[in-house]
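Asks: The structure that follows is given in the form of C-alpha cells.
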Amino acid sequence: MHASDIMTTKVISVGGDASVTDVANLLLKHGISAVPVVDKTGRLLGVVSEGDLMRRLQGDTDARGSWWLGIFSAPPNNISEFLKVEGRNASDVMTKDVVTIGSDTPVAEIARLLETNKIKRVPVVDNDRLVGIVSRANLLHGLAATAQQSKAMPNLDDRALRTKVMEALASVDGLHVALMNVTVHDGNVHLWGEVETDKEQRAARIATENVPGVKSVDTDLGRSEAARVVNWAWGA
C-alpha cells in the first residue's frame, strides 16, 4: 500500500498572499490544524500550522519591544521569528522547510516519517505539485483496512476504482470530500470520514455503490461539527 491508496486528494490550501486572519478562519471552519500554501500552479511553498499562528500570541508588548531593539545585533534566525510574529500573510508565517512524500511512498515509510519528525500529516508532492495529503488518521484507516482485507498490495484496478469513487463522491452536491476518504481492496470499498447528516451518509454509500466495479461498500462516516460548519458556509 502506498500514499496514493490512502491520501486525501481534495486538499484545502491557500495562496501565499492569504491573510493570517483568513488562514485562521479557514482552520476553524474546516476543523483542521494546518493548511498547505501553494502558488498559482499548485507548487507547494510551505505549510501554516496552528503552531505558526500561536507564535503571534506569545510574549507581551514590552518583551517584544526589547526583542526588537536587539534585532540588529541578533543572528539571522531572529529575523525569521520576527516575520512569524508580525507577518500579515501566509507567506510570512508559514514553515518553508516542509517534509514531503511522493504518491508512491510506502505506508511503512510514511509512518516512520510522521514518528521521526513528530508531525501529524505530510503533503504528497509529485513533479513539485501538491497532489494530496496523508494524515495520521489516513494512515491508521489504511492500515486497518489492510488488516481486514487481503494483505496483498492494492493492484492497479483498485487504484483506478478508488479514483472513480472519489470522482463520484465529488459529483454529489452537499458532500464535502475534503472531510472524507476512500480505501479499496479487491473491489471492496471502505468510506470513512465526517458528514453532517444520515442523508449525506446514505448519499455517499449510494454514489459509491453505483460505480462500476465496486463489489461492496463499508461506511464509517461519523457526524461532526466541522462538517456542519462547512455545510453552513456553503448554504447547505
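The values are calculated or read from the model by the stated rules, or taken from the named source; none is laboratory data. It should be emphasised that the depicted structure is a prediction, and the values quoted were computed from it without experimental measurement. Using ideal geometry, Cβ is built from the backbone for each residue, glycine included, and neighbour counts are taken over all protein chains shown.
Asks: Anything in the stretch 120-136 that is touching a Lys or Arg at 6+ places or on another chain (Cβ under 9 Å) and surrounded by fewer than 17 Cβ atoms within 10 Å (Cβ to Cβ)? List them, or say none.
Replies: Initial filter on the stretch 120-136 (touching a Lys or Arg at 6+ places or on another chain (Cβ under 9 Å)): 120-121, 125, 128-130, 132-136.
Within the stretch 120-136, K120, D128, R129, R136 qualify.
Asks: Sticking with this structure for a sec: For residues that are of a type in the set (S, T, N, Q) and under 17 Å from the mean Cα position of the chain (by Cα), scanning just the stretch 86-116, find the one that is farthest from I32 (Cα to Cα).
Replies: Here the answer is T105.
Asks: Which numbered condition in (1) modelled with pLDDT of 90 or more; (2) surrounded by 14 or more Cβ atoms within 10 Å (Cβ to Cβ); (3) closer than 29 Å to L161 by Cα; (4) more than 17 Å from the chain's Cα centre (by Cα) is the only one that M1 fails?
Replies: (1)
Asks: Quick one: K151 ticks every box in (1) within 29 Å of S216 (Cβ to Cβ); (2) of a type in the set (D, E, K, R); (3) outside any helix (DSSP H, G or I); (4) modelled with pLDDT of 85 or more except a single one, so which number is it?
Replies: (4)
Asks: Out of all the residues in the stretch 41-57, which are part of a loop (DSSP other than H, G, I, E, B) and closer than 11 Å to S13 by Cα?
Replies: Taking the stretch 41-57 first, the residues part of a loop (DSSP other than H, G, I, E, B) are 41-42.
Within the stretch 41-57, G42 is the sole residue that qualifies.
Asks: I'm trying to understand the selection: among the residues of the stretch 120-130, which are among the β-branched types (V, I, T) and over 16 Å from A34 (Cα atoms)?
Replies: V125
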